[in-house]
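A quick write-up on the structure given underneath.
The values are calculated or read from the model by the stated rules, or taken from the named source; none is laboratory data. Quick caveat: nothing in here was measured; it's all calculated off a predicted structure. Every residue, glycine as well, gets a Cβ built from its backbone with ideal geometry; the counts of neighbours run over all protein chains shown. The area values use the complete protein model at the heavy-atom level, side chains included, leaving out ligands, DNA and RNA. Shrake-Rupley method; radii C 1.70, N 1.55, O 1.52, S 1.80 Å.
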Amino acid sequence: MTSQREKRGQLRLGGFFHPTGNHVAAWLHPDSQIDAGVNFRHYVQLAQIAERAKFDLIFVADTVATRDGNLEALKRWPQYMAFFDPTMLMAGIAASTEHIGLVATASATFNEPYNIARRFASLDLISNGRAGWNVVTSSQPAEAYNFGLKSMPPHAERYARAREFVEVCRGLWDSWDDDAFVRDRSSALYFDPHKLHYLRHEGKFFSVRGPLNVARPPQGHPVLANAGVSDTGREFAANFAEIVFTPLLTLQQAQSLYSDLKGRMEKYGRRPEHLKVMPGFNAVVGRTDEEAEELHQMLQARIHPDVGRQLLSTELGVDLSSYPVDGPLPYHLIDTTVAQRKMLVDRAKEGNLTIRQFYLQYAGARGQRTVKGSPQRIVDEMEEWFLKEGVDGFLVQPPYLPGGLQAFVDLVIPELRRRGLFRTEYEGRTLRENLGLPRPASRYQAAVAAE
Ligand SMILES: Cc1cc2nc3c(=O)[nH]c(=O)nc-3n(C[C@H](O)[C@H](O)[C@H](O)COP(=O)(O)O)c2cc1C
């Protein structure tokens, strides 16, 4: 193991903070922060716990709508019904932290590139080089209804727009050379106009003249993240992403995605180590296996059947509210052309699961991998996945917050360090430096260098 470990170095850790925690019944845990979605101090506390433990980054998700569905069920499941805009939240957290990366989600379907380029350049400056953008194409019809549409644009079109969107943002971030601002009082010269560039982008989706009204971000470009599952999503990730959060259930699946993604990068002129695979990791930690199981069962027992059915309805795109929980899923109604849905349906079929059994299995980690147990058991799994090239790290999603994060930090981090798998100090100043990612050269300087 030691020689493999030396070869692989140390793993990367992010904290994925769903408001009250990852488990659907997290808000019913007596120690969870009940108003988490709109409690700023709660997020600051989480970021500071993660930073003390030297996590690479924290991550928050986003949709530009409340969740849609049966209100009889949603009234018992407050997650993502009322929550902060992620970039605003991260800008606030930036002021109370110094090292940790701040990765916020923003949709390429329901924004314009100029706004997003500006927002993330601002976050990178405000945080001194710690900003990351999780590029999503959005998937909930409820989001479309807030932007003048009757339905979501097709998947392929959303990705085509996202590709152009990211290209425009990258161009806008290069608007000013790194040394464009001279700010010299003696010569009364504020900036060098030769170091200011107009993008003049004319594409299928966007027409953007530029330049951006923010200086080039400290990281050159904020770190780009993505969680594509589909073939188009993977291609997008291979082209642009520097972190990938795609959910993975088995080591074999992880290894296959890992080599697939990294193998696709060469044609975009990228090196495999410049993309970090960090899937969601739902760690239910106890001092012993029994204690972890007790916590898990306590949360599972609090899932209301209406909530369980609603959870699956959303994921599978069918209304299950009138189906008995102890019967099978109505497979014939589920559209399995969506990659993620097909994965779920295959799992339910393989296990011959009732709706209740399926939601109980699915609810804890919402389709992502759950590992329960003592720190040793959890680290055994993390170590195996890491050493066998299934992942570069993990996006830890505590089942409830803040207690679940504190338990991970108190119990799992020391065990990771004992095995030499995780840092004791930040290596660099920016998120890029800590993740071992290169700082992109400006396209204009790269062009000069190539001449
Ligand atoms: C860890 C993780 C976080 C995600 N966060 C968001 C999010 O905040 N907003 C969103 O619209 N989609 C989010 N997604 C969904 C993905 O962006 C993506 O749409 C999904 O994985 C399906 O892949 P595909 O778009 O390639 O089909 C997330 C997925 C994962 C695994």
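This table checks each residue for (1) within 19 Å of the chain's Cα centre (by Cα); (2) away from the ligand (no atom under 12 Å from the Cβ); (3) open to solvent by 50 Å² or more (accessible area, probe 1.4 Å).
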| position | (1), (2), (3) |
| --- | --- |
| Ala227 | yes, no, no |
| Asp231 | yes, no, yes |
| Phe245 | yes, no, no |
| Leu251 | no, yes, no |
| Asp260 | no, yes, no |
| Glu266 | no, yes, yes |
| Pro272 | no, yes, yes |
| Leu275 | yes, yes, no |
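Do we find that Thr336 is open to solvent by less than 70 Å² (accessible area, probe 1.4 Å) and free of Cβ contacts under 8 Å to residues at least 12 places away in the same chain in this structure? When the stated conditions are applied, Thr336 passes them.
Okay, residues lined up against (1) open to solvent by less than 50 Å² (accessible area, probe 1.4 Å); (2) within 30 Å of Glu294 (Cα to Cα); (3) at pLDDT 95 or above:
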position: Tyr400; (1), (2), (3): yes, yes, yes
position: Val412; (1), (2), (3): yes, yes, yes
position: Leu421; (1), (2), (3): yes, yes, yes
position: Arg429; (1), (2), (3): no, no, yes
position: Arg432; (1), (2), (3): yes, no, yes
position: Arg439; (1), (2), (3): no, no, yes
position: Tyr444; (1), (2), (3): no, no, yes
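Exactly one residue out of Thr63, Thr97, Thr87, Thr105 is of a type in the set (S, T, N, Q) and in a helix (DSSP H, G or I), and it is Thr87. Just the residues that are out of contact with any helix residue (DSSP H, G or I) (no Cβ under 6 Å at 6 or more places or on another chain) and under 15 Å from Thr430 (Cα atoms), please, taken from segment 100-111. Passing the criteria: only Val103. The numbered conditions (1) polar (S, T, N, Q); (2) more than 13 Å from the ligand (Cβ to nearest atom); (3) crowded, with 18+ Cβ neighbours inside 10 Å are all true for Asn282 except (2). Scanning segment 221-250 for residues that are modelled with pLDDT of 95 or more, assigned to a loop (DSSP other than H, G, I, E, B) and over 12 Å from Arg163 (Cα atoms) yields a total of 3. Please verify whether segment 207-220 includes one or more residues that are out of contact with any Cys (no Cβ under 9 Å at 6 or more places or on another chain), among the basic types (Lys, Arg), part of a helix (DSSP H, G or I) and open to solvent by 10 Å² or more (accessible area, probe 1.4 Å). So far as segment 207-220 goes, no, none of its residues is out of contact with any Cys (no Cβ under 9 Å at 6 or more places or on another chain), among the basic types (Lys, Arg), part of a helix (DSSP H, G or I) and open to solvent by 10 Å² or more (accessible area, probe 1.4 Å). Give the residue that is farthest from the ligand (Cβ to nearest atom), with candidates limited to residues of segment 72-100 that are open to solvent by 40 Å² or more (accessible area, probe 1.4 Å) and closer than 19 Å to Ala363 by Cβ. Step by step, filter segment 72-100, then rank; the result is Glu72.
Criterion first (within 16 Å of the ligand (Cβ to nearest atom) and free of Cβ contacts under 8 Å to residues at least 60 places away in the same chain) does Ala188 satisfy it? Before you say what the answer is, go through the steps one by one.
On the way: within 16 Å of the ligand (Cβ to nearest atom): no; free of Cβ contacts under 8 Å to residues at least 60 places away in the same chain: yes.
It is false that Ala188 is within 16 Å of the ligand (Cβ to nearest atom) and free of Cβ contacts under 8 Å to residues at least 60 places away in the same chain.
For segment 132-184, give me each residue that is of a type in the set (D, E, K, R), buried (at least 16 other Cβ atoms within 10 Å of the Cβ) and away from the ligand (no atom under 12 Å from the Cβ). Arg161, Arg163, Glu164, Glu167, Arg170, Asp174, Asp177, Asp178, listed by residue number. Residues of segment 393-435 that are basic (Lys, Arg) and within 28 Å of Gln361 (Cβ to Cβ): none at all.
Screening Arg118 against (1) open to solvent by 10 Å² or more (accessible area, probe 1.4 Å); (2) within 15 Å of the ligand (Cβ to nearest atom) leaves a single unmet condition, (2). Arg67 meets the conditions (1) within 13 Å of the ligand (Cβ to nearest atom); (2) at pLDDT 95 or above; (3) open to solvent by 30 Å² or more (accessible area, probe 1.4 Å) in every case but one. The failed one is (2). Scoring Leu295 on the criteria (1) assigned to a loop (DSSP other than H, G, I, E, B); (2) away from the ligand (no atom under 13 Å from the Cβ); (3) over 22 Å from Leu74 (Cβ atoms) leaves a single failure, condition (1). With the structure loaded, tell me whether Ser256 is open to solvent by 20 Å² or more (accessible area, probe 1.4 Å) and within 13 Å of the ligand (Cβ to nearest atom) or whether it fails that test. In short, no. Across segment 302-322, the qualifying residues are those that are open to solvent by 70 Å² or more (accessible area, probe 1.4 Å) and touching a residue at least 24 places away in the same chain (Cβ under 8 Å), and the one among them that is nearest to His29 (Cα to Cα) is Arg302.
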